[in-house]
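Written out below as structure tokens is the structure these notes cover.
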Amino acid sequence: MLRQILYSNTNMPLYKNALDAYTERQRAVASNIANASTPKYEARRVSFEKRLSEALGRPNEPMQATDKHHMPLKTDPAKVRPLVVKDDPASPATGINGVDVEREMGRLATTQLQYDMTAKSARWIFEQIRTLAKLP
Amino acid sequence: MKIRGIFTSIDISATGLSAQRQRMDAIAENIANVNTTRTPGGGPYKRRISVFTEQPAEATTLHLQKDPPTRMTMESTSRGHLKPFERYMKESQFSGVRRKEIRDNTTPEYYYDPQHPDANEFGYVAKPKINIITEMVDMIAATRNYEANVSAIESAKQMAKKAMEI
């Protein structure tokens, strides 16, 4: 029952995907930093936010899905998963590979803050449920 | 989030730490042996050169990636059916780093010093081809790289801690 409440009435699926995405990005940054001196290494990037905001936005198409077997007009935001892409090795940032350590450190800090924020939001949902459960 | 996920991140950074430490060891040895003209193998000391290669993360980090079923609606009516849009056992796409070592086998540099016990019949001594400035610059790069990896581990730890607070 708790699972049903979490998954159908709250933003928990979005938070879960976001936490997964930030974990993936943290790993990508760790991989990039570890390989900062590896020649021909292709820097890893995690694409998530842009696709999520596309899924959250309204579709512009004047089409309508009137049957459940129709193709969906847009992706369900809860189903946007992080995607790992490799950077183009043709444009090296440093002459060794595409890893710019300063930018990676910036990304690391941002990812950590985003993770903290999302974890806090997820915690808040649980606190609300706890409060509700305590009501007489 | 899988706990394993965070450990993978730490594992990746750990390969970076160990590679940079080994690089530092090699640099220290190069600097210490800048004047070494005798080695057990004969001839002057040969400079240790660090090269780095990618090392795919462990195979145990296989994880399941579900892609959104955006295009059509299918139903699996039997347990034996393949699950659509799920790619199982997707290999980890991140990699650590491994250090490999190459010995500088190019011809050594010769200095004129006829009094030296290792001088050849023309009075020249073969000395290792080591430039202290290059080694120092390399050392700074290794230190910075090491610190960057430490920061990455620190951040992974922080994230794991935050996940515990949910």
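The values are calculated or read from the model by the stated rules, or taken from the named source; none is laboratory data. Every value quoted in this text rests on a predicted model; they were computed, and no experiment measured them. Cβ atoms come from the backbone with ideal geometry, glycine included; neighbour counts cover every protein chain shown.
Structural remarks
- Some residue of region B:43-60 being at pLDDT 60 or above, within 30 Å of A:Glu54 (Cα to Cα), in a loop (DSSP other than H, G, I, E, B) and touching an Asp or Glu at 6+ places or on another chain (Cβ under 8 Å): no
- No other residue among B:Met74, B:Met1 is part of a loop (DSSP other than H, G, I, E, B), modelled with pLDDT under 90 and farther than 30 Å from A:Ala122 by Cα apart from B:Met74.
- Top-ranked residue of region A:79-136 - restricted to ones that are hydroxyl-bearing (Ser, Thr, Tyr) and under 17 Å from A:Glu49 (Cβ atoms), ranked as nearest to the other protein chains (Cβ to nearest Cβ): A:Tyr115
- Subset of region B:122-159 [more than 9 Å from chain A (Cβ to nearest Cβ) and more than 22 Å from B:Gln22 (Cβ to Cβ)]: B:Phe122, B:Gly123, B:Tyr124, B:Val125, B:Ala126, B:Lys127, B:Lys157
- Flag for B:Ala160 being aliphatic (A, V, I, L, M), surrounded by 12 or more Cβ atoms within 10 Å (Cβ to Cβ), farther than 23 Å from B:Ile27 by Cα and more than 29 Å from the chain's Cα centre (by Cα): no
- Some residue of region B:127-145 being part of a loop (DSSP other than H, G, I, E, B), at pLDDT below 95 and of a type in the set (A, V, I, L, M): yes
- Any hit, region A:55-67, residues being under 18 Å from the mean Cα position of the chain (by Cα) and modelled with pLDDT of 80 or more: yes
- Hey, B:Arg38 part of a helix (DSSP H, G or I), at pLDDT below 95 and surrounded by fewer than 16 Cβ atoms within 10 Å (Cβ to Cβ) or not: no
- Restricted to region A:23-44, and to residues there that are more than 11 Å from B:Gly96 (Cα to Cα) and more than 7 Å from every other protein chain (Cβ to nearest Cβ), the residue that is modelled with the lowest pLDDT is A:Lys40.
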